[in-house]
Amino acid sequence: MNIVETAVSNGNFSLLVASLKATGLDSVLSGEGPFTVFAPNDEAFAKLPDGTIDNLLSSPERLKEILTYHVVTGKVMSSSLPASSSPVTVNGNEISITVSDKVRVNDSVVLTPDVECSNGVIHIIDSVLLPN
């Protein structure tokens with residue numbers, strides 16, 4: 001299964017999948033890739049302030065900017081991550097990845113690493129990453 005199919009079948013990414021569909025990124029992340037997606041689960045979206053999700057869904061360009069901040073080109077497995085790195089995301093901004101007792105992406109913690117897909121990999125994170 002590709003990244004989108006994997007997210008749908010997991011059942012814990014309904015808000016992420018709805019956001020991908022609202023921006024048309026579902027077709028991109030169903031494509032050839034490879035992609036690495038730092039995927040916030042539904043609990044991560046629930047941590048956002050009240051009304052944020054509705055506001056984002058009504059602002060597709062801002063939502064797309066946020067979603068592409070969660071994607072890096074190529075397939076990056078957790079075992080290949082250096083102790084510290086700053087890869088550039090698809091939206092052009094860097095994220096900070098640190099590896100110690102846990103893998104962190106900016107201030108988010110990777111809950112489940114290395115969910116392999118036919119066109120890349122998903123790392124499940126505990127909060128939504130917001131670009132500056």
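Figures for the structure shown
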{"quantity": "Odd one out for residue 108 among (1) of a type outside the set (Phe, Trp, Tyr); (2) surrounded by fewer than 19 Cβ atoms within 10 Å (Cβ to Cβ); (3) over 19 Å from residue 120 (Cα atoms)", "calculated": "(2)"}
{"quantity": "Number of the condition not met by residue 42 [criteria: (1) crowded, with 20+ Cβ neighbours inside 10 Å; (2) out of contact with any Gly (no Cβ under 8 Å at 6 or more places or on another chain); (3) modelled with pLDDT of 95 or more]", "calculated": "(1)"}
{"quantity": "Out of 90, 110, 128, sole residue that is in a strand (DSSP E or B), within 25 Å of residue 31 (Cβ to Cβ) and at pLDDT 95 or above", "calculated": "110"}
{"quantity": "Considering residues of segment 1-39 that are polar (S, T, N, Q) and within 12 Å of the chain's Cα centre (by Cα) only, the residue surrounded by the fewest Cβ atoms within 10 Å (Cβ to Cβ)", "calculated": "36"}
{"quantity": "Listing of helices (runs of 4 or more DSSP H) fully contained in segment 4-78 that carry 2 or more residues being touching a residue at least 40 places away in the same chain (Cβ under 8 Å) and either under 16 Å from residue 88 (Cα atoms) or hydroxyl-bearing (Ser, Thr, Tyr) (or both)", "calculated": "14-23, 60-68"}
{"quantity": "Qualifying residue in segment 55-62 (condition: modelled with pLDDT under 95, within 24 Å of residue 30 (Cα to Cα) and among the basic types (Lys, Arg))", "calculated": "yes"}
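Let's see how each residue does on (1) surrounded by 11 or more Cβ atoms within 10 Å (Cβ to Cβ); (2) among the hydroxyl-bearing types (Ser, Thr, Tyr); (3) under 16 Å from the mean Cα position of the chain (by Cα):
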| position | (1), (2), (3) |
| --- | --- |
| 57 | yes, no, no |
| 73 | yes, yes, yes |
| 76 | yes, no, yes |
| 79 | no, yes, no |
| 85 | yes, yes, no |
| 93 | yes, no, yes |
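The values are calculated or read from the model by the stated rules, or taken from the named source; none is laboratory data. These numbers were taken from a predicted model, which means no experiment stands behind them. Ideal geometry is used to build each Cβ from the backbone, glycine not excepted, and the neighbour counts take in all protein chains shown.
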